[in-house]
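Working notes, beginning with the structure itself.
Bear in mind these aren't lab numbers, they're just calculated from the coordinates by the rules spelled out. Model, not experiment: these values are computed from the prediction. All Cβ positions, glycine included, derive from the backbone under ideal geometry; neighbour counts span all protein chains shown.
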Amino acid sequence: MRIALFSDTHGNLPATEAALAAIARARPDQVICLGDVAMFGPQPRETLAAIAALGCPVVMGNTDAWALDPAPTPDADENTVFYETVEAWCAAQLTATDKAQLRAFRPAIAVDLGDGNTLLCYHGSPRSFHEAVRAESSDEELDAIFADEPAILCAGGHTHTAMVRRHRHRLVVNPGSVGLPFALRRDGMAYNPPWAEYALIDYRSPADVAVTLCRAPVDVAQIVQVTLASDMPMADRWLADWSSP
């Protein structure tokens with residue numbers, strides 16, 4: 001069984017189209033989106049529509065939930081004001097039909113691997129779409145997060161950082177981000193590199209599993225073009241992170 005995972009498209013349609021085209025070429029048996037679909041990018045409705053057309057199961061992410069119930073942070077700092085200004089604009093673009101699609105997203109998705117084992121999909125962690133599971137998370141932290149979860153494969157997004165690691169009896173996967181992947185410049189500052197991230201899981205048995213972290217190239221010039229053509233606020237600041245190392 002081949003399962004494709006992608007996450008955190010964040011209203012970036014060119015990157016979403018690049019990732020979905022690459023996933024289609026991989027011919028997976030199942031595709032799952034791990035949430036944060038429309039918000040914080042120049043084409044929220046178009047990105048949501050592209051994923052809806054795919055017809056795959058979608059997990060509810062923290063920004064998906066925010067779109068349904070915007071709650072500005074009181075006394076927010078400059079960065080939070082930036083994020084919430086863009087997200088408020090994105091939420092305002094969504095129609096009632098769009099929001100109905102968001103409400104259909106699920107807190108978690110359990111995939112039957114065909115032999116009694118399970119792949120558990122979530123956004124941040126099994127217990128919260130705000131919680132982060134990281135490569136550097138301790139086994140003790142993950143013991144608390146996963147508790148008695150029996151799934152032998154667990155997958156989430158949220159951190160925008162691709163990862164595969166072992167925890168106890170399971171593999172934990174993060175496919176990275178389609179719409180806003182993170183990388184570090186030589187000076188240690190983060191930027192958005194010119195690719196969309198996703199993952200492929202090839203499962204035959206607990207003893208025969210392969211996880212591939214994948215990248216699909218994206219056209220940054222196209223991202224710039226559609227962003228400037230939109231009326232998304234603070235577009236110049238949003239685009240500033242799409243630069244070279």
Extension gain (nm, one decimal) between Met1 and Arg103, 0.36 nm per residue minus Cα-Cα: 33.8 nm
Sites matching GluC sites (Glu not before Pro) across region 96-159 that sit in DSSP coil, with at most 14 neighbouring C-beta atoms within 10 Å: Glu136
Around Pro181: net Lys/Arg minus Asp/Glu count, Cβ-Cβ under 10 Å: -1
Pairwise FRET efficiency - Asp241 versus Thr95, Cβ, R0 = 30 Å, nearest 0.05: 0.55
Spatial separation of Cα centroids for region 53-118 and region 176-245, in angstrom: 18
Difference of contour (0.36 nm per residue) and Cα-Cα distance, Ala53 to Leu213: 55.2 nm
Region 1-33 residues near the modelled Gln225 label - backbone nitrogen below 20 Å, point 7 Å along Cα→Cβ: 11-22
